[in-house]
Amino acid sequence: VWSILSRIMSTQSDVSETDQGATVLVAAPRIGAIERVLSTSGTLTASKTIRITSKVPGRIERILVEDGQPVAEGEFLVQIEEETARLQVKQAHATWQAAQAQYDKARKGARTEELQNARALYEKNRRRSRWR
């Protein structure tokens, strides 16, 4: 046993101080945020699809948002050609005036049934028209 122990001790004393191995740098521990960055490729799909419709028909004159831009409910997405809307207002106003004339005529000397029909037509067109 003593001979084995003496061999181990003599082998360790043969190592020179210049043959100690690689230098190791040691840093003090600290607390901080760890930033994780992940780069990947793939295809995105929407989790929800919404159908968008216009309250009035017409030709789209200008698109007001960019593709992929988030939008809120009620936000204007396009501008419809004004001439189309202007003509629709004129038409609604003319229809309203015709219904008003028919109602006035019926009121002056018509039977009760004709009066009710004219009144119903007048009310229907009055609700459609913005001209009151």
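The 3J(HN,Hα) values that the Karplus relation (6.51, -1.76, 1.60; θ = phi - 60°) gives for region 65-72 are, in residue order, 10, 8, 4, x, 6, x, 10, 9 Hz. Gly and Pro appear as x.
Kirkwood radius for region 44-132, taken over all pairs of different Cα atoms as the inverse mean of 1/r, rounds to 16.5 Å.
Under 5 Å between amide hydrogens, built in the peptide plane, is the criterion, and for ILE80 it picks out GLU61 among residues at least 5 positions away or on other chains.
Taking other C-beta atoms within 10 Å as the exposure proxy, LYS48, LYS108 rank LYS48, LYS108 from fewest upward.
Each reported figure results from applying straightforward, stated rules to the coordinates on display, with no laboratory input. What you are looking at is a predicted structure, and each value in this text was computed from that prediction instead of being measured. As a convention, Cβ positions derive from the backbone with ideal geometry for all residues, glycine included, and neighbour counts pool all protein chains shown.
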